[in-house]
Each structure stands twice: as C-alpha cells, then as structure tokens.
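**Student:** Got a structure for you, questions after.
Laboratory data are not the source of any read-out in this text; all were calculated from the coordinates shown. Please read these numbers as outputs of a predicted model, since none were measured by experiment. No Cβ is skipped: glycine too gets one built from the backbone with ideal geometry, and neighbour counts run over all protein chains shown.
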Amino acid sequence: MSQHPIDIPGAALGGIAPLPPGVGQSEAQLPSVRPERAPYLVVSNVSKMFKDFTALKNVSLDVREGEFVCFLGPSGCGKTTLLRAIAGLDIQSSGTIHQGGRDISALPPEERDFGIVFQSYALFPNLTVRQNIAFGLENRGMKRADVTARVDELLALIDLAAHGHKYPSQISGGQQQRVALARALAPSPGLILLDEPLSALDAKVRIHLRQELKQLQAQLGVTTVMVTHDQDEALSIADRIVVMNMGVVEQVGTPQEIYDVPASQFVADFIGAMNFMEGTVVNGSDARVGDVTFALRRDGLANGAAVVLAIRPEDVLVADADPQSALLHPNRIAAEVENLEFLGSYLRMYLRHPAFPAKPLVAQTTQTLARALQIVPGKRLDVILPPERLRVFDRLVAHGPASGATSTVAKGGTVHD
Ligand SMILES: Nc1ncnc2c1ncn2[C@@H]1O[C@H](COP(=O)(O)OP(=O)(O)OP(=O)(O)O)[C@@H](O)[C@H]1O
Ligand SMILES: [Mg+2]
C-alpha cells in the first residue's frame with residue numbers, strides 16, 4: 001500500500017466540488033439522514049483473487065447516502081482488499097461497483113470520487129499542516145484565495161486553527177490523523193474511505209477521536225466507509241456494520257441488530273461475550289444439554305438435530321433478583337458460583353453446573369444486585385436462561401461432543417429464530 005498521501009480525486013468530476021453541506025451552508029441544505037436514503041455505493045458480487053487465493057468471495061452490499069458503515073472482521077478477512085477495490089487501488093477480479101449511480105468498476109482511482117485516510121497518517125513531513133491540507137486543492141488549480149479559505153474552514157472544523165504553521169512532527173498522532181482527515185475532506189469527495197485510521201493511536205486518544213470522527217461525519221453528512229477490527233469502535237461509531245470473515249460477508253446490520261440477532265455463530269462469537277452450549281433437539285422445541293432440557297420455543301426443529309445454543313452473559317437472569325417473576329420462567333438451573341470478575345459497575349459470575357462440565361456458564365449482573373444477594377464464590381445460585389434470549393444454531397457434528405458446554409464453535413450454521 002502506498003505510504004504517500006493519496007491525491008484525492010474529484011477533478012474528473014468537474015474539479016473542485018462545492019463545500020460539503022454543513023460547512024458554511026444553511027441547515028436546510030443538510031442531507032437527509034432518514035433510513036430510506038438511497039443506496040449511494042453498491043457493491044455487487046465482488047470477488048478478488050490473488051493468484052489462486054480467494055480474498056473476497058461474492059461480496060454484495062449497499063452503503064446509503066450519508067451513512068457511516070464499518071467493515072469489521074478479524075485480521076486477513078478481506079476488509080482492506082474490499083476498501084481498495086472500492087477506491088480502484090486494486091481492481092476486483094469479478095463483480096461490479098457503482099457509486100452515485102455511476103459504474104466505477106473499472107475506473108482508475110483518479111477518476112473516482114473519494115478521499116482516503118490510512119492507518120499511518122502519511123502526511124508530507126516537509127509540508128506544514130496548512131500545506132498538507134491544501135495539497136490536493138492546489139493540484140486541482142483552485143485559486144489561492146479559495147484554497148486559503150477552504151483550509152481555514154477545515155482547520156476550524158478539526159479544531160487545529162492555531163496549528164496550521166506546524167510540521168507533522170510537531171503535532172501529536174491524534175492531531176496528525178485529524179489533519180489526514182481534513183486533507184481527505186478538502187475537495188468535498190462524495191465518499192470517505194478510512195482504513196483503520198485510529199488504530200495507531202493510544203486507547204484514550206482513539207476513543208476521543210472516534211467520537212469526534214462520528215460527529216464530524218454526521219455534521220458533514222458525507223458517506224463514509226471505515227475498516228476496523230475493533231468491535232467496540234464499530235459498535236459505537238457505525239450506522240451499520242458489515243461483519244466479514246474469510247472473504248465473505250457474514251452479516252450486515254445496525255450495531256444493535258448485529259449484537260442482538262447475530263446471523264451466524266461466527267458473528268455471535270466475534271461480537272461481544274457469548275456462552276455456547278452444544279445440545280440435541282428433543283420434543284420438537286426443546287434442547288437437551290447434558291442432563292438439562294432447555295425450552296427453546298422455536299418451530300421447525302427436527303428431533304435429534306445437533307444444535308448450538310448461545311446466550312449472552314447479561315441475558316442470564318438471577319432468579320433471586322425477582323423471585324415472583326422467576327416463577328414464570330422455564331430453564332431454571334441451580335448453579336454454584338465458582339469465580340467472580342469485577343467489571344466496574346458490573347460483576348461477571350462464572351457458574352458451575354453439571355450440564356456444563358467443560359466451561360463455566362458466564363452470567364453478568366450489577367454490583368448492586370451482587371451486594372444485595374451477597375454473591376460470593378461458593379454460593380448456590382438459581383439462574384434462568386430465558387428461551388427468547390437463547391440463540392439456536394445448527395451444529396456441524398464434526399465440531400465435537402454432543403453434550404456439555406464447550407467453548408466457541410468456529411463457524412457455520414443456520415439460525416433458528
Ligand atoms: N497483494 C496481495 N497478494 C496476495 N495476497 C494478498 C494481497 N493482499 C492481501 N492478500 C491476502 O488477502 C487476505 C485479505 O487481506 P486484507 O488485507 O484485505 O485483510 P484485512 O481484513 O484488511 O486484515 P487486517 O485487519 O490484518 O488489516 C489476506 O489473507 C492477505 O494475506
Ligand atoms: Mg487491513
């Protein structure tokens with residue numbers, strides 16, 4: 001990947017575009033952020049081969065106008081490859097990409113309309129902050145007075161008005177990354193592409209800057225695609241997340257959808273904490289895990305089918321927290337607190353039960369409740385696994401024993417809602 005700043009295209013679309021909405025324009029001109037926004041970027045059946053290795057397999061997705069979309073997935077899953085295909089830096093082997101209704105599938109980067117920011121700031125070290133931001137504008141032949149005005153505007157936008165005269169080595173990493181963003185935004189591209197732009201920064205700066213980035217994006221209404229492998233970053237910043245694994249899209253959804261209704265075991269495992277239990281369907285709508293039968297309340301399950309049940313720690317209820325309503329729930333088991341982990345205002349409990357011989361069941365509760373119930377290691381505790389919070393996936397039998405709790409199961413499986 002080039003370590004040089006990418007010259008932001010736009011000239012091919014008529015030179016310098018007007019200022020983005022929100023920069024010196026009235027609020028009435030701000031783009032709509034309603035959910036029915038039209039698709040702006042459409043990726044259809046994109047595959048990418050590197051010799052005989054398939055890095056992307058039939059990837060299809062839409063990014064709506066003004067939307068902030070994150071590509072999220074483990075290292076090597078194809079996030080950067082997809083971003084580079086969208087930018088034209090590495091053309092896909094097959095499939096099409098449309099931006100703003102235009103087929104850009106075969107266009108070189110300079111004929112596309114995007115600004116890009118990489119993980120490494122890639123600022124010109126011999127140019128000042130001002131000159132770095134102005135670089136793409138001057139290259140397009142913008143008048144000097146207009147360049148000055150635009151750079152002033154962007155410096156104010158990224159809150160670095162007093163630092164324009166400095167060189168990159170004289171400002172912090174977080175500030176450098178803001179300058180890189182300003183440079184990408186300068187010609188008002190239709191699309192901003194960000195490849196792990198925050199990952200080189202320390203944790204505190206990263207969290208601060210991601211909120212700034214989100215605010216700036218919302219203010220400008222610029223369609224944005226950001227690559228990250230940090231799920232917290234994606235969950236906190238994205239309108240929608242594209243979860244990728246081994247070159248395929250596993251799920252596209254809002255952070256809430258991805259977290260609450262993972263479409264596959266991979267997503268369930270990759271996002272947040274999750275307990276997994278291997279079981280077998282009995283009675284048409286229950287599952288046997290060890291000696292315990294859990295009600296699933298799902299249709300369409302075949303008796304004898306191998307399934308994986310999944311439940312988040314915060315969805316495991318402590319029966320004594322509300323003894324009256326606990327009586328209404330099925331799936332109540334008597335466990336023993338093996339260990340406790342403090343997470344600030346929350347407490348994570350590791351629970352032992354004969355149905356889970358391999359790994360304790362993890363439950364989460366508030367410190368307040370833990371104090372009230374005097375939860376300590378060794379305590380017997382009734383917990384409930386509500387059927388509506390149990391996710392059910394088909395189990396590939398090759399994955400292991402048919403009963404007992406296991407650690408995560410890697411991949412695959414139909415979801416039974
Ligand atoms: N130019 C290349 N030649 C051969 N293989 C490549 C090339 N670029 C990427 N790959 C392979 O394609 C796969 C996807 O790479 P990619 O850089 O898209 O991953 P990523 O999801 O961005 O990972 P990371 O989070 O580590 O940046 C990897 O297995 C990688 O080794
Ligand atoms: Mg990458």
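**Student:** Got the relative contact order for the stretch 274-416 handy, in percent, Cα pairs under 8 Å and 6 or more residues apart?
**Tutor:** Values: 332 pairs, mean separation 46.9, N = 143.
Contact order relative to length: 33 percent.
**Student:** Another one. Would you mind checking the tilt of helix 203-220 against the longest principal axis of the Cα atoms of the chain, expressed as 0 to 90 degrees and rounded to 10?
**Tutor:** Rounded to the nearest ten degrees, it is 60.
**Student:** Can you work out the FRET efficiency for the pair residue 96 and residue 124, with r the C-beta to C-beta distance and R0 = 60 Å, to the nearest 0.05? Before the final figure, lay out each step's value.
**Tutor:** Numbers: r = 35 Å, r/R0 = 0.58.
In this case the efficiency is close to 0.95.
**Student:** For the stretch 200-347, state the semi-axes of the equivalent ellipsoid (square roots of 5 times the eigenvalues of the alpha-carbon gyration tensor), sorted largest first and rounded to whole angstrom.
**Tutor:** Values: eigenvalues 258, 90, 38 Å².
Values for the stretch 200-347, descending: 36, 21, 14 Å.
**Student:** Compute the separation of the alpha-carbon centres of the stretch 94-114 and the stretch 322-379 and state it in Å as a whole number.
**Tutor:** 53
**Student:** If you average the sequence gap of Cα pairs under 8 Å that are 6 or more apart and divide by the length of the chain, what percent do you get for the contact order? Numbers along the way, then the final one.
**Tutor:** Values: 882 pairs, mean separation 64.7, N = 417.
Relative CO of the chain lands at 16 percent.
**Student:** For an R0 of 45 angstrom, estimate the FRET efficiency from the Cβ-Cβ distance between residue 382 and residue 203 and round to the nearest 0.05. If you can, show how the numbers build up before the last one.
**Tutor:** Numbers: r = 38 Å, r/R0 = 0.85.
The value I calculate is 0.75.
**Student:** Now for a separate question. Hey, with R₀ at 60 Å, roughly what FRET efficiency would residue 324 and residue 111 work out to, going by the Cβ-Cβ distance, to 0.05? Don't jump to the answer; show the numbers that get you there.
**Tutor:** On the way: r = 67 Å, r/R0 = 1.11.
Step by step, r from the Cβ atoms, then E = 0.35.
**Student:** Given N residues in the stretch 11-260, what is its alpha carbon radius of gyration divided by 2.2 N^0.38 Å?
**Tutor:** Details: Rg = 17.6 Å, N = 250, 2.2 N^0.38 = 17.9 Å.
This ratio for the stretch 11-260 stands at 0.98.
**Student:** Further question: Given the Cα atoms of the stretch 151-252, and with Rh set as the inverse mean 1/r over their pairs in the Kirkwood sense, what is Rg to Rh to two decimals?
**Tutor:** On the way: Rg = 14.4 Å, Rh = 14.6 Å.
With Rh from the inverse mean 1/r over Cα pairs, Rg/Rh is 0.99.
**Student:** What's the percent breakdown of Cα-Cα distances in the chain across 20 Å bins, shortest bin first?
**Tutor:** 24, 45, 26, 5
**Student:** Against the empirical 2.2 N^0.38 Å scaling, what ratio does the C-alpha Rg of the stretch 274-416 come to? Kindly include the intermediate steps, with their values, before the conclusion.
**Tutor:** Details: Rg = 15.0 Å, N = 143, 2.2 N^0.38 = 14.5 Å.
The stretch 274-416 yields a ratio of 1.03.
**Student:** List the aspartates and glutamates whose Cα sits under 17 Å from the Cα of residue 204, skipping any in the same chain fewer than 8 residues away.
**Tutor:** Within reach: 196, 212, 230, 232, 233.
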